[in-house]
C-alpha cells in the first residue's frame with residue numbers, strides 16, 4: 001500500500017505528466033555546475049522516482065553531478081540529476097553528498113496548493129501547486145500581461161505556451177525558428193520564441209527575463225492550462241518539490 005501511494009504522489013507527479021500527454025519535449029541535458037557527488041559505493045540511476053522503475057545506468061562513488069530538482073514523497077526523497085552522457089535520471093537523495101549546502105525546509109503544516117506564496121530572506125519563494133488529474137499545475141504571469149496555468153514539467157528542456165496564449169499576448173511566432181519535438185504520433189516542429197518575462201506565481205514571485213519558449217498546443221490538455229513550465233525557467237533556481245504538501249520552493253541560483 002505504501003509503494004502504491006508513493007507512485008501516486010511522485011511518479012504521477014513527474015513522469016505521468018510526460019507519458020500521459022501526446023507532446024513530449026526534449027529532456028534537459030547535463031550542463032550546469034556540479035553541486036553534489038555520488039557516495040561510495042555508487043548509485044543506480046532510474047528512469048523515474050520509483051524503486052521499481054527501469055534502471056538506465058549506474059554511477060560510481062565520487063561522480064560529480066548536477067541536481068536538477070529534489071522531490072519529496074511519502075516513501076522518501078529522490079533527486080533528479082543531469083547525467084554525464086546527457087539527459088537526466090533519478091537517484092535516492094541519500095546516495096548524494098552535497099557540494100553546496102542544500103536549503104533545509106521547515107514543515108508547512110498540512111497545507112495544500114491553496115497556500116499563499118512566501119518569500120524568505122534568501123530570496124526563496126514558496127509557490128503553491130494544484131493537482132489536476134495526475135499532474136501538478138502552477139500559476140505563472142507571462143510578459144506582465146496574462147496570468148494562467150502551466151503543467152510543472154522538470155523534464156522539459158523548454159517552457160511551452162499554447163497558440164491561444166501566444167495570440168492573447170500578441171506574439172509573432174509564425175516566422176520564428178523552428179525546433180523539432182517528439183509527439184506520440186511522430187515528430188513535429190514548433191516555433192521557438194523568447195518571452196519577455198515569466199513570474200511564478202505572479203508579479204511578486206520568482207521572476208526570469210528572456211525565457212525561451214516553444215509555441216505548441218498540447219493535445220488533450222485540460223481547459224485553463226496553457227503549456228508546460230520547463231527548464232528554460234526552472235534552471236535559474238534550486239528547485240525542491242514537496243509533493244505531499246503541494247508546494248514548490250524556488251531559491252535563485254547566485255552567479
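Readers should treat all values here as calculations from the given coordinates under stated rules, not as data from a laboratory. Everything quoted here is computed from the prediction, not taken from an experiment. Using ideal geometry, Cβ is built from the backbone for each residue, glycine included, and neighbour counts are taken over all protein chains shown.
Shape class of segment 37-102 from the Cα gyration tensor (axes a ≥ b ≥ c, square roots of the eigenvalues): rounded, since a/c falls below 1.5. Each of 88, 162, 197 was scored by other Cβ atoms within 10 Å of its Cβ. Arranged with the fewest first, they read 197, 162, 88. Legend: translational diffusion of segment 127-234 by Stokes-Einstein, Rh = Kirkwood radius over C-alpha pairs, 20 °C, 1.002 mPa s; D = 155 µm²/s.
Label zone of residue 122 (point 7 Å out along Cα→Cβ, amide N under 18 Å): in segment 33-50 this covers 33-37.
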